[in-house]
Amino acid sequence: MYILGIETSCDETAASVIKADPKSGRLLVLSNIISSQIEIHKKYGGVVPEVAAREHVLNIVPVVQEALETAKIKAKQLDLLAVTKGPGLITSLITGVETVRSLAFAWEKPIMEINHIEGHIYANFINSSNQIKFPAIILTVSGGHTTLLNMDKNKKIKILGETRDDAAGEAYDKGAKMLGLGYPGGPIISQYVAEYQKTLISKAKKPNEPLNFPRPMLNSDNLDFSFSGLKTSLLYQLKKDPTWKKRIPEYCYEFQQAIIDILISKTLKAAKKYGAKTVMLSGGVSANTELRKQMASTVKKNLKNVNFCVPAKEYTTDNAAMIAAAAFFKLKSKKPSSFSQLRVDSSLQLK
């Protein structure tokens, strides 16, 4: 079967066509088109919802057309349309939802509405669904979400913990802004971290003043996260350090490691508590090289006979292939809807 997915929850206009085999459960991504707005939002230091919405309106039809052309598929061959219903920016979501409603009406196709977080989770199923054993503990970490979830053998998802303030990706962005590095913060900080690691390998001496960033809620008796205190600590250390501009790579290294330590510690705690057979990473921050490497190492060292899965990097940030994949797997437990039943819901939560 052929599924067209559409994703417009934030600042990426994306469309993808996947070919799925209902018998084997295998997926083949025929196209995965993304129109990014990063360059547009850089000058604002973050996503401006009104600007993002206007760009979606301009880009959505050409992106869908390109996805179909790249996949060499005609609309009449599609079996299902899938779209992100929420959570996300309401003005961005509306563009995707209304486009799919129109296409479903014109093409007489059913619709599967997808939770954005579920989409990130199912990005892991695109190439490695056979490696996933249940129960699975999933860390979804991005600019808008930091959530720990448990998925059982029936694909039912339960939230175990969430951030109480900022998401990890947001901490990256605001940390980078304090350091004067620009937007988006995650990739920039990662570049500086790689630079600093090279100096460590060459046995360069660290500056005399140590950086002691906190790990908020690291030892709490729950699986929730908090990153606002970490950002505040960075701000105060910069204020008292007149030489910080010469130590940017070190600041990036220590700041990122604090985030990674929190994420790994909570995930490991959840995996042990719920007897996980698989640990999965998902979301935009899962593209971070150090997080992927350290999480894999921690799972291998501390959890026996537990698989570790992380999506290919092209499926970590917001994309429509993950939305189409989620729709395919949810077909077993959920019936598609018609164009008249689809409504946007920016506050949609996992149940």
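Any residue at all in the stretch 323-333 that is touching a Ser or Thr at 6+ places or on another chain (Cβ under 6 Å) and in the same structural domain as ILE111 (by TED's automatic domain parsing)?
yes
Looking at THR298, THR267, THR317, which one is of a type in the set (Val, Ile, Thr) and in a loop (DSSP other than H, G, I, E, B)?
Being of a type in the set (Val, Ile, Thr) and in a loop (DSSP other than H, G, I, E, B) holds for just one of THR298, THR267, THR317, which is THR317.
Applying the selection to the stretch 230-253, what residues are of a type in the set (S, T, N, Q) and assigned to a helix (DSSP H, G or I)?
Scanning the stretch 230-253 gives THR232, SER233, GLN237.
Confirm whether LEU81 is among the hydrophobic types (A, V, I, L, M, F, W, C), at pLDDT below 95 and in contact with a helix residue (DSSP H, G or I) (Cβ under 7 Å, 6 or more places away or on another chain).
Values: among the hydrophobic types (A, V, I, L, M, F, W, C): yes; at pLDDT below 95: no; in contact with a helix residue (DSSP H, G or I) (Cβ under 7 Å, 6 or more places away or on another chain): yes.
Considered against the rule, which asks whether it is among the hydrophobic types (A, V, I, L, M, F, W, C), at pLDDT below 95 and in contact with a helix residue (DSSP H, G or I) (Cβ under 7 Å, 6 or more places away or on another chain), LEU81 comes out as no.
If I ask for residues that are within 21 Å of the chain's Cα centre (by Cα) and either without any contact (Cβ under 8 Å) to a residue 24 or more places away in the chain or within 23 Å of GLY180 (Cβ to Cβ) (or both), which ones from the stretch 39-70 would you list?
GLU39, ILE40, HIS41, LYS42, GLY45, GLY46, VAL47, VAL48
Output the residues belonging to the stretch 183-203 that are part of a loop (DSSP other than H, G, I, E, B) and among the aromatic types (Phe, Trp, Tyr).
Within the stretch 183-203, just TYR183 meets the criteria.
For the stretch 89-97, indicate whether the set of residues that are in a strand (DSSP E or B), out of contact with any Cys (no Cβ under 7 Å at 6 or more places or on another chain), touching a residue at least 24 places away in the same chain (Cβ under 8 Å) and surrounded by 17 or more Cβ atoms within 10 Å (Cβ to Cβ) is non-empty.
No: zero hits.
Just checking, does the stretch 37-52 include any residue being closer than 22 Å to SER338 by Cβ, touching a helix residue (DSSP H, G or I) at 6+ places or on another chain (Cβ under 8 Å) and surrounded by fewer than 21 Cβ atoms within 10 Å (Cβ to Cβ)?
To start, the set of residues in the stretch 37-52 that are closer than 22 Å to SER338 by Cβ comprises none.
Looking through the stretch 37-52, none of the residues is closer than 22 Å to SER338 by Cβ, touching a helix residue (DSSP H, G or I) at 6+ places or on another chain (Cβ under 8 Å) and surrounded by fewer than 21 Cβ atoms within 10 Å (Cβ to Cβ).
Are there any pairs with C-beta distances below 6 angstrom linking a residue in the stretch 153-167 that is surrounded by fewer than 16 Cβ atoms within 10 Å (Cβ to Cβ) to a residue that is modelled with pLDDT under 95 and in a loop (DSSP other than H, G, I, E, B), with the two at least 6 apart or on different chains, and if so which?
ILE159/LEU350
Check the stretch 325-348 and report whether any residue there is modelled with pLDDT of 95 or more and not in a helix (DSSP H, G or I).
No: zero hits.
Quick one: which residue in ALA270, ALA321, ALA258, ALA296 is of a type in the set (A, V, I, L, M, F, W, C) and within 30 Å of ILE111 (Cα to Cα)?
Working: ALA270 fails: within 30 Å of ILE111 (Cα to Cα); ALA258 fails: within 30 Å of ILE111 (Cα to Cα); ALA296 fails: within 30 Å of ILE111 (Cα to Cα).
Only one candidate passes the filter, namely ALA321.
Of all residues being among the acidic types (Asp, Glu) and in a loop (DSSP other than H, G, I, E, B) in the stretch 11-35, which is surrounded by the most Cβ atoms within 10 Å (Cβ to Cβ)? Just the residue, please.
Of everything passing the filter in the stretch 11-35, ASP11 is surrounded by the most Cβ atoms within 10 Å (Cβ to Cβ).
Scan the stretch 60-114 for residues that are acidic (Asp, Glu) and closer than 11 Å to LEU4 by Cα and jot them down.
Within the stretch 60-114, just ASP79 meets the criteria.
From the list ASN319, ASN219, exactly one residue is at pLDDT below 95 and either of a type in the set (S, T, N, Q) or farther than 30 Å from ILE6 by Cα (or both). Which is it?
ASN219
Step by step: first the residues of the stretch 72-117, then only those that are in contact with a Pro (Cβ under 8 Å, 6 or more places away or on another chain) and among the hydroxyl-bearing types (Ser, Thr, Tyr), then the one that is nearest to ALA20 (Cα to Cα). Which residue is that?
Step by step, filter the stretch 72-117, then rank; the result is SER92.
Is it the case that ASP221 is in a loop (DSSP other than H, G, I, E, B), acidic (Asp, Glu) and either surrounded by fewer than 17 Cβ atoms within 10 Å (Cβ to Cβ) or under 24 Å from the mean Cα position of the chain (by Cα) (or both)?
Spelling it out, ASP221 is indeed in a loop (DSSP other than H, G, I, E, B), acidic (Asp, Glu) and either surrounded by fewer than 17 Cβ atoms within 10 Å (Cβ to Cβ) or under 24 Å from the mean Cα position of the chain (by Cα) (or both).
Which is outside any helix (DSSP H, G or I) and at pLDDT 95 or above, of GLY180, GLY119?
Step by step, each of GLY180, GLY119 is checked, and only GLY180 is outside any helix (DSSP H, G or I) and at pLDDT 95 or above.
The values are calculated or read from the model by the stated rules, or taken from the named source; none is laboratory data. Nothing here was measured: the structure is a model prediction, and the numbers come from that model. With ideal geometry, Cβ positions are generated from the backbone for all residues, glycine too; neighbour counts draw on all protein chains shown.
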